[in-house]
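Beneath this line is the structure, given in structure tokens, with notes to follow.
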Amino acid sequence: MRRALQELYRHLIEDFLVQYCRRLRKKDFATKAESVSRKRNGKREYLNGSQTRHLMKQLNAFFEVIVEVPRIRIGKRQTIETLINEEALLLAKFLRDERKSWIPRITVL
């Protein structure tokens, strides 16, 4: 069931990442040599430190975006983070037979 909850909001995160990656340049990456196996070394590319910090700040800001989905108790709008948390709660209530059904509330940005 955790997978069902993940899939509901996968499109939001994927869209965020695609838009973010479009702005990246070669200088935003660092190459590191790593051991691939006992006898082989390889190189991998990672976001550099400043770009990693920037990505995390942008992702945190993304979760604070307001969406037009009513909250469980009060209000007609909420952040993406609150929406995901509320959906997890509603799914848990359904799994514990505290609710007869669970119809996910999905948002599109």
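Each reported figure results from applying straightforward, stated rules to the coordinates on display, with no laboratory input. This structure is a prediction, so every number in the text was calculated from the model and none was measured. We place every Cβ from the backbone using ideal geometry, glycine too, and count neighbours over all the protein chains shown.
Please name which of Val67, Thr82, Asn48 has its Cα lying farthest along the dipole of the range 2-95 towards the positive end, using unit charges on Cβ (Lys, Arg +1; Asp, Glu -1) and the Cα centre as origin.
Of the candidates, Asn48 comes out farthest on the positive side.
Quick one: 3J(HN,Hα) in Hz for the range 6-17, Karplus 6.51/-1.76/1.60 with θ = phi - 60°, rounded, Gly and Pro as x.
In residue order, the calculated couplings are 4, 5, 4, 10, 4, 4, 5, 5, 4, 4, 4, 5 Hz.
Cα to Cα, under 29 Å, and not fewer than 8 places away if on the same chain: which lysines meet these conditions relative to Lys93?
Partners within reach: Lys76.
Check Thr79: other-chain or 5+ apart residues with amide H under 5 Å from its amide H, H built from backbone geometry?
Result for Thr79 returns Val67.
Taking amide H positions as placed in the peptide plane 1.01 Å from N, state which residues far from Asn48 in sequence (5 or more) or on other chains have amide H under 5 Å from it.
Distant-sequence amide H within range of Asn48: Phe29, Ala30.
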